Each structure stands twice: as C-alpha cells, then as structure tokens.
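Asker: The structure under discussion is supplied below as structure tokens; questions concerning it will follow.
The values are calculated or read from the model by the stated rules, or taken from the named source; none is laboratory data. Since the structure is predicted, the reported quantities are computational estimates derived from the model, not experimental observations. Every residue, glycine as well, gets a Cβ built from its backbone with ideal geometry; the counts of neighbours run over all protein chains shown.
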Amino acid sequence: MKNTLTYLAIIVLLLPQVSLATSFNPNNIINDEILQNKDAMDLFDIQAFLQEKNSSLANFVTEFQDGTNRKASYIIYNSAQQYNINPKYLLVKLQKEQSLVTETNPSQKQLDWATGFGVCDACSKDDLDIQDYKGFNNQVESAAAVMRSYYNKVNTQTWIKKAGQTYNIDGENITPMNNATAFLYTYTPHLHGNENFWTIWQAWFVQSYPDGTLAKTKDDATIYLIQDGKKRKISNMTSLITRFNPKLIITIPQTEINKLEYGNEIKLPNYAIVKDGLDYYLLDNEYKRKFTNYDVVKQIGYNPDEIIDVTNSDLSDYTLGKPITLEEKNITGRVVKLKTGDSLYYIKGNTYSPILDENTAKINFPNLKIEDVEANEFSNLTSIDPIIPKDGHLIGIQGNPNIYVMENGKKRHIIDEKTFDTYGYNWSNIVWIDFFAGLIIPNGEPLYLIEQIDNLDTVTTTSSTTNL
C-alpha cells in the first residue's frame, strides 16, 4: 500500500502545490464574532504559544501601565480583556508588523513599534507627535483599543471603513462583508498587508485536522475530539470507548491543539440513561432521546443505580431526538442480514438503513452481531439513508489507490504518503470497503499539508490614524 501512495506522491509533485486553507478573500478576512472573542486564549495559553514558537517574547519583560514590570503574555492578555478583542488578533499583529512572535533577537525599534500603531507609510518613527505610542505595552494596548474604538464609532465617524461599502484598496474595489474586515483595512489600508495577516492567521489559528479526529499531544495524555473548530475533552475512559475507537487516537503538536478553542467536555457514556430533573433521556451518540415516562425506562430493564443524574448544561451539546415510547423496540439498533441474501441493514425504531458493506458495519457498530432475519422483519419499517463510515475513520476503496479520512459524511482524499504520516495516521487503521460502497460516499475537499508560515517579511503599512 505504501508503494502505491509513494507512486501517487510522485504524480502530486508534478501538480501545483495547494494549501489546506481556503484562498484569500479580500472581502472577508475575519468576522466580528472571532475578532471580539476576548476569551479565545487565556494567559497560560498565550505564554505557552510564545514558548512553543521559541519567541523572544516568551521571556520579554517590560514596564506595564501601572509601573510594574510584566511579561509580554500578560500585556497581550490584559489588552485583550480590557478592550474585548481576541488575543489571537494581537499575536498576529505582532508577527505581521514586526515579526516579533518568531524573532529570536528583536531590535529595540521592533519592540518600540510592535504593532505599527500610529506609524503611517511615510512617517518617521522619530516624529514627536507619535511618541506617546512608543513602547511595547503602549503598542499592544493601542492596537486593541483602536479596534474597540472602531466598533464604538463606526456609525458616527465616516473615516472608519464599514461593512457593505466599497473602497478602492491598492487599485482594487473591496467591499468588506463585515465590520471586522473593514476595520483591518482602516488600520492597514493595503491588500498585501491584510493578506499577510490572513495567511498568518490561517497557519496559526485555523483548524488543520478534520472533524472527528481523536487527538492528544506527546506530553499530555488528555484526549480530545476535534469538532466544529473546537477541542472537546473526553473526560473518562467509559465515554471514550462507548463512543469512539481508541485505536484512532493520533498524537499531534501542542501548537495544533492550541489553535482550537475549548468546546464542552464529553463526560457521559453512550447509551447511558440520564435523569435531568423529572425527565429521563437515553444518550444516543449526538442525540438525547426523552422517555415518555418512567415506565418505559423500567420496561427496558435498566437498574436504577445505573441512571446518571445530570444538569441541563450537561446535555447542552446533545440534539433532542425522537421520543422513546413503550412501543419502541431495539433502541440501540440491530445489524441484520436477510437469510436470502448478503445485504446488510441497520434497524432502529421503525426505520432501516442499508449498510454499505460488512466493514462499514464493523466501523459503525463494533458491538453488534449480525443477525439473520426473514424479509417480513421489514414489512412495517421505513427505509432511510444508507449507513456510511463514521467521521475520523480511515478508509480505502477496493480497486482504488487512494486513502481517505471521513469527515462530516464525506471522504477526504489524503493526497500523499507524506501528508498521511505528517498527520499522524496509522497505516494499520485503514479499513478497506467495497468499490461500489465507496462510490456512494460523497467526496470532500482533499487533505493537504498546511503550509506553516512563521517568517513573513515585516510589513509596516499602518494607518496614521491615532483616534481612540
């Protein structure tokens, strides 16, 4: 199999190299929700990020606004909190303007004008009018403060660019889709500078690993589910083994984990019965299915000692599913095969789904045995969409040299062997499915390596505006 992918890699080398990140859209660089998320990183996260980048800022100490000496991470965190601006934005500004995050030996001038605030294209840094903004603390605080000021004054100050209006930026007509993007152009009225901002943001803070990935880091045994751009801690082994395949856990860099904001913890095992106030639910993967009354719970045969008391917040990530009544059978489902054929089906409640092939059944229902049934089992059932492999699983398709990872119901082609190995996937976890079953699964975007861009040329093309 490796030889096949190696051959494929040679072909890929002849093609234009593509980044996993989407292409730059000058009209939509960042959105308002993200720009104003002051809690995207806490103080520890910021310090750890600087240390992982081997940044001189990790140990840089300077005078704070109250006269005390503070680390750079504290200054970044405090400015973000004070002005409700994402600390990730400030880190990217420090890199884009003076390469300070990756600089190992910055000059005093780089530190003094860390975010380029108050310095226009033709301005001298010795101009007496801008000396109040000189110094690392002043620069970081001003960069956060001015973005907040833009939000506060956007409807009263015509010089502040706003969403929905068209502006000529470096000879191109740009119509920002949101105020956050418009404010970036207010601060830096150049396409190249804002594309650099976007490129650094993509490399540092945009999710690289597909939804459904189970991940840990080399130095921490904590296991996370990557889902919707967030990392969800799996807090106990029971929750892990009842919902996921532990063999799929991969080890990824701490920097990749740090890109992701925290989602709600996964604390409850699959198919547990939980009690929230007077209501009882069955947890069925991402759904919470309410029992119509306690008699239904008793009929299933659960021991009252096995019922878990929860709060409403514990169930906030679960979607409300179909209620469970006394008439329902097989609440956890059955995998069946007609005695007269080889086709597999998943029966649950009053529905049945074709299963693409036997290996798909093993992926999705590892604890269910295949039952032989008569055709009359389906007489009162409704057919629904076929079962396809779960997210996070690696699949190959018989007769096809490609390897895929499943994400959101689609198969994403892992473009070459280097990509496969770099993502930390295990060759032994590839499950081969039937050729025709593979055709049914829709294609997602191919999975490439993200280009890590930590050393862009310094761009100090900021607006001369200093109004706060």
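Asker: Only one of these conditions is not met by residue 334: (1) within 22 Å of residue 243 (Cβ to Cβ); (2) surrounded by fewer than 18 Cβ atoms within 10 Å (Cβ to Cβ); (3) of a type in the set (Lys, Arg). Which number is it?
Answerer: Only one criterion in (1) within 22 Å of residue 243 (Cβ to Cβ); (2) surrounded by fewer than 18 Cβ atoms within 10 Å (Cβ to Cβ); (3) of a type in the set (Lys, Arg) is unmet by residue 334, namely (2).
Asker: Let me ask something else. Pairs only if they're at least six apart or on different chains, beta carbon under 7 angstrom, first in segment 166-179 and free of Cβ contacts under 8 Å to residues at least 12 places away in the same chain, second surrounded by 10 or more Cβ atoms within 10 Å (Cβ to Cβ) and assigned to a loop (DSSP other than H, G, I, E, B); list them, first residue then second.
Answerer: As it stands, the answer is 166/175; 173/166, since those pairs meet every condition given.
Results for (1) aliphatic (A, V, I, L, M); (2) in contact (Cβ under 8 Å) with a residue 24 or more places away in the chain; (3) on the phi < 0 side of the Ramachandran plot; (4) part of a helix (DSSP H, G or I), shown as yes or no for each residue.
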position: 139; (1), (2), (3), (4): no, yes, yes, yes
position: 146; (1), (2), (3), (4): yes, yes, yes, yes
position: 158; (1), (2), (3), (4): no, no, yes, no
position: 164; (1), (2), (3), (4): no, no, no, no
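Asker: Something else about it: For segment 216-225, indicate whether the set of residues that are surrounded by 18 or more Cβ atoms within 10 Å (Cβ to Cβ), in contact (Cβ under 8 Å) with a residue 12 or more places away in the chain and in a loop (DSSP other than H, G, I, E, B) is non-empty. Steps first, answer last, please.
Answerer: So the first thing to find is which residues in segment 216-225 are surrounded by 18 or more Cβ atoms within 10 Å (Cβ to Cβ), and the list is 223-225.
The next check asks that each one be in contact (Cβ under 8 Å) with a residue 12 or more places away in the chain; those that pass are 223-225.
Okay, now just the ones that are also in a loop (DSSP other than H, G, I, E, B), so none.
Checking segment 216-225: not a single residue is surrounded by 18 or more Cβ atoms within 10 Å (Cβ to Cβ), in contact (Cβ under 8 Å) with a residue 12 or more places away in the chain and in a loop (DSSP other than H, G, I, E, B).
Asker: So residue 233 ticks every box in (1) of a type outside the set (Val, Ile, Thr); (2) crowded, with 17+ Cβ neighbours inside 10 Å; (3) not in a helix (DSSP H, G or I) but one. Which box is left unticked?
Answerer: Here residue 233 clears every test but (2).
Asker: Please go through (1) farther than 24 Å from residue 92 by Cα; (2) modelled with pLDDT under 95 for residue 188 and return the number of the only condition it doesn't satisfy.
Answerer: For residue 188, the failing item is (1).
Asker: Being at pLDDT below 90, surrounded by fewer than 18 Cβ atoms within 10 Å (Cβ to Cβ) and in the same structural domain as residue 285 (by TED's automatic domain parsing) is the requirement here; does residue 367 meet it?
Answerer: Numbers: at pLDDT below 90: yes; surrounded by fewer than 18 Cβ atoms within 10 Å (Cβ to Cβ): yes; in the same structural domain as residue 285 (by TED's automatic domain parsing): no.
The answer is no for residue 367.
Asker: If only one of 79, 73 is in a helix (DSSP H, G or I) and in contact with an Asp or Glu (Cβ under 8 Å, 6 or more places away or on another chain), which one is it? Break it down into steps so the answer makes sense when it comes.
Answerer: Numbers: 73 fails: in contact with an Asp or Glu (Cβ under 8 Å, 6 or more places away or on another chain).
Only one candidate qualifies: 79.
Asker: Could you identify the single residue in 347, 331 that is in a loop (DSSP other than H, G, I, E, B), under 37 Å from the mean Cα position of the chain (by Cα) and within 30 Å of residue 226 (Cα to Cα)?
Answerer: Details: 347 fails: in a loop (DSSP other than H, G, I, E, B).
331 is the lone residue from the list that is in a loop (DSSP other than H, G, I, E, B), under 37 Å from the mean Cα position of the chain (by Cα) and within 30 Å of residue 226 (Cα to Cα).
Asker: Could you say whether any residue in segment 266-279 is polar (S, T, N, Q), touching a residue at least 12 places away in the same chain (Cβ under 8 Å), surrounded by 15 or more Cβ atoms within 10 Å (Cβ to Cβ) and under 21 Å from residue 228 (Cα atoms)? First the steps, then the outcome.
Answerer: Residues of segment 266-279 polar (S, T, N, Q): 270.
Those still in the list that are touching a residue at least 12 places away in the same chain (Cβ under 8 Å) too: 270.
Next, from what is left, pick out any that are surrounded by 15 or more Cβ atoms within 10 Å (Cβ to Cβ): 270.
Cutting the leftovers down to under 21 Å from residue 228 (Cα atoms) gives us 270.
Checked segment 266-279: at least one residue is polar (S, T, N, Q), touching a residue at least 12 places away in the same chain (Cβ under 8 Å), surrounded by 15 or more Cβ atoms within 10 Å (Cβ to Cβ) and under 21 Å from residue 228 (Cα atoms).
Asker: Among the strands (runs of 3 or more DSSP E) lying completely within segment 358-435, list those that include at least 1 residues that are in contact (Cβ under 8 Å) with a residue 40 or more places away in the chain and among the hydrophobic types (A, V, I, L, M, F, W, C).
Answerer: Numbers: elements: 370-373, 394-397, 403-407, 410-414, 431-433.
Per the criteria, 394-397, 403-407, 431-433.
Asker: Scan segment 253-265 for residues that are surrounded by fewer than 19 Cβ atoms within 10 Å (Cβ to Cβ) and assigned to a loop (DSSP other than H, G, I, E, B) and report the count.
Answerer: The number of residues fulfilling the criteria is 4.
This table checks each residue for (1) among the charged types (D, E, K, R); (2) closer than 30 Å to residue 209 by Cβ.
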residue	(1), (2)
344	no, no
350	no, no
355	no, yes
362	yes, yes
368	no, yes
375	no, no
381	no, no
395	no, yes
411	yes, yes
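Table: residues versus (1) at pLDDT 90 or above; (2) more than 21 Å from residue 244 (Cα to Cα).
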{"residue": "264", "(1), (2)": "no, no"}
{"residue": "268", "(1), (2)": "yes, no"}
{"residue": "281", "(1), (2)": "yes, no"}
{"residue": "291", "(1), (2)": "yes, yes"}
{"residue": "299", "(1), (2)": "no, yes"}
{"residue": "314", "(1), (2)": "no, no"}
{"residue": "322", "(1), (2)": "no, yes"}
{"residue": "326", "(1), (2)": "no, yes"}
